Amino acid sequence: MHRDTLILQAGLPDHRTPGAFLPGPQFASTFVSPGDPSAHAYTYGRFGNPTWSAWEAALEQLEGGPAVAFPSGMAACAAVFGVCLRPRDVVVLPSDAYYTTRIFAQNWLASNGVEVRLAPTRDEGQAALLDGAKLLWIETPTNPGLDVCDLRELIGAARKTGVLVAVDNTTATAALQQPLALGATFSLASDTKALTGHSDLVLGHVATGDQDWLARIRTWRTQYGAIPGPMETWLAHRSLGTLALRLARQCSNAEALARLLHLRHDVYGVRYPGHPEDPAHEIARRQMSAYGSVLSFDLETRPRAERFLGALELVRETTSFGGIHSTAERRARWGGDPVSEGFIRFSAGCEAEVDLLADVEQALGKV
């Protein structure tokens, strides 16, 4: 059966079971559970919830391995760091990874005795820093620079020396890229982005094919109280069924926009792994089934970027990405990323291609 069909059906009751396609969220802080607690699937709201279980079953189908849901992407990140690293351990991260991940490592992990090594994603720069490491953290494509590394090469190098591998798969999602199938220990994502796709939820998850690490991740969630709400997980599960359809339109729009921007002489540094001229294209082509909704380009200066953003009529100026509505932002306004004042991160939505391209063209015409 096609993977898109399996994802559409994942976590739902058997098709012969009377009732709703997706039963509503279960709101409960505690469950009736007389006698031996081990005889009951659900006892207390911090330990488990049937709405989480259904969502995690769907994520397992998507990821190719069991998943644990978290209330945000950073909660998922913190769980992986927390179960893997101890004082005097070494973690290797991309120097161009998501800003909050880097700050968490450099501020929190380092202050607790973990050695943090940084190297660029491009050209598999992290491979040179693996000696003595406990955990290799990979992000590809990176946010916001959209550099790509060879997952097979890096994972293979790490596994040969016993280094654990975690892949932040937020930008691609497991629909387009499968870290566990390539040998990663952990695949994680901020489900706030394309996975749920409607800019209305904050969620994350960690998936792993290793039962021991899975148990440790679940224990971390229980003991740290990093639990998602049943309403959020139910909404996420409802949204997952349209993931393939949403991503197909978003990827198509992003590719069309990248082609348009490459032809313009007033736009610089266009990055989209799906464009044949992108430096990451050959590697991305080998490990991704499509190239995602995010692209970036440079308008050189803050005034030019702000005029462009102000002239857009369909595209919303906001942070985050992956939603059904196209969004864009001048990324340097936040600080922390090594980008120019005119750098634009653009997330293609599900609008009709002709309308999206026309809006971008008219806005560029006013720059």
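Filtering Arg345, Arg316 for residues that are touching a strand residue (DSSP E or B) at 6+ places or on another chain (Cβ under 6 Å) and in contact (Cβ under 8 Å) with a residue 60 or more places away in the chain leaves a single hit, Arg345.
Suppose we filter Ala363, Ala328, Ala352 for residues that are in contact with a strand residue (DSSP E or B) (Cβ under 6 Å, 6 or more places away or on another chain) and not aromatic (Phe, Trp, Tyr); which single one remains? Can you show your working first?
Working: Ala363 fails: in contact with a strand residue (DSSP E or B) (Cβ under 6 Å, 6 or more places away or on another chain); Ala352 fails: in contact with a strand residue (DSSP E or B) (Cβ under 6 Å, 6 or more places away or on another chain).
After applying the criteria, what remains is Ala328.
The selection criterion, being basic (Lys, Arg), out of contact with any Leu (no Cβ under 9 Å at 6 or more places or on another chain) and assigned by TED's automatic domain parsing to the domain that holds Val163, holds for Arg122.
Can you pull out every residue in segment 234-269 that is of a type in the set (A, V, I, L, M, F, W, C) and within 26 Å of Arg152 (Cα to Cα)? Across segment 234-269, the qualifying residues are Leu243, Ala244, Leu247, Ala248, Cys251, Ala254.
For Val83, state whether it is under 18 Å from Thr208 (Cβ atoms), assigned by TED's automatic domain parsing to the domain that holds Ala226, in a strand (DSSP E or B) and aliphatic (A, V, I, L, M). Give the derivation first.
Details: under 18 Å from Thr208 (Cβ atoms): yes; assigned by TED's automatic domain parsing to the domain that holds Ala226: yes; in a strand (DSSP E or B): no; aliphatic (A, V, I, L, M): yes.
So Val83 does not fit the description; no.
Scanning segment 300-319 for residues that are under 26 Å from the mean Cα position of the chain (by Cα) and surrounded by fewer than 17 Cβ atoms within 10 Å (Cβ to Cβ) gives Leu314, Arg316, Glu317, Thr318, Thr319. Might you let me know whether segment 282-303 holds any residue that is without any contact (Cβ under 8 Å) to a residue 60 or more places away in the chain, of a type in the set (Val, Ile, Thr) and under 17 Å from Ala254 (Cβ atoms)? Within segment 282-303, none of the residues are without any contact (Cβ under 8 Å) to a residue 60 or more places away in the chain, of a type in the set (Val, Ile, Thr) and under 17 Å from Ala254 (Cβ atoms). Determine, yes or no, whether Arg307 is at pLDDT 95 or above and part of a strand (DSSP E or B). Criteria not met by Arg307. Only one entry in Leu176, Leu195 is under 21 Å from Leu295 (Cβ atoms), touching a Gly at 6+ places or on another chain (Cβ under 8 Å) and surrounded by fewer than 24 Cβ atoms within 10 Å (Cβ to Cβ), namely Leu176.
Of the numbered conditions (1) of a type in the set (A, V, I, L, M, F, W, C); (2) over 19 Å from the mean Cα position of the chain (by Cα); (3) in the same structural domain as Thr192 (by TED's automatic domain parsing), Leu257 satisfies every one except a single condition; which is it? Of (1) of a type in the set (A, V, I, L, M, F, W, C); (2) over 19 Å from the mean Cα position of the chain (by Cα); (3) in the same structural domain as Thr192 (by TED's automatic domain parsing), only one is false for Leu257: (3). Contact map, segment 226-247: residues that are under 16 Å from Phe27 (Cβ atoms) paired with residues that are of a type in the set (Gly, Ala, Ser) and assigned to a loop (DSSP other than H, G, I, E, B), Cβ distance under 7 Å, separation 6+ or inter-chain. Pairs shown: Trp234/Gly24; His237/Gly11. No other residue among Phe27, Phe70, Phe31 is buried (at least 23 other Cβ atoms within 10 Å of the Cβ) and of a type in the set (Phe, Trp, Tyr) apart from Phe70. The number of residues in segment 166-213 being in contact (Cβ under 8 Å) with a residue 40 or more places away in the chain, within 21 Å of Arg345 (Cα to Cα) and hydrophobic (A, V, I, L, M, F, W, C) comes to 6.
The values are calculated or read from the model by the stated rules, or taken from the named source; none is laboratory data. Computed from a predicted model, the values in this text were never measured in an experiment. All Cβ positions, glycine included, derive from the backbone under ideal geometry; neighbour counts span all protein chains shown.
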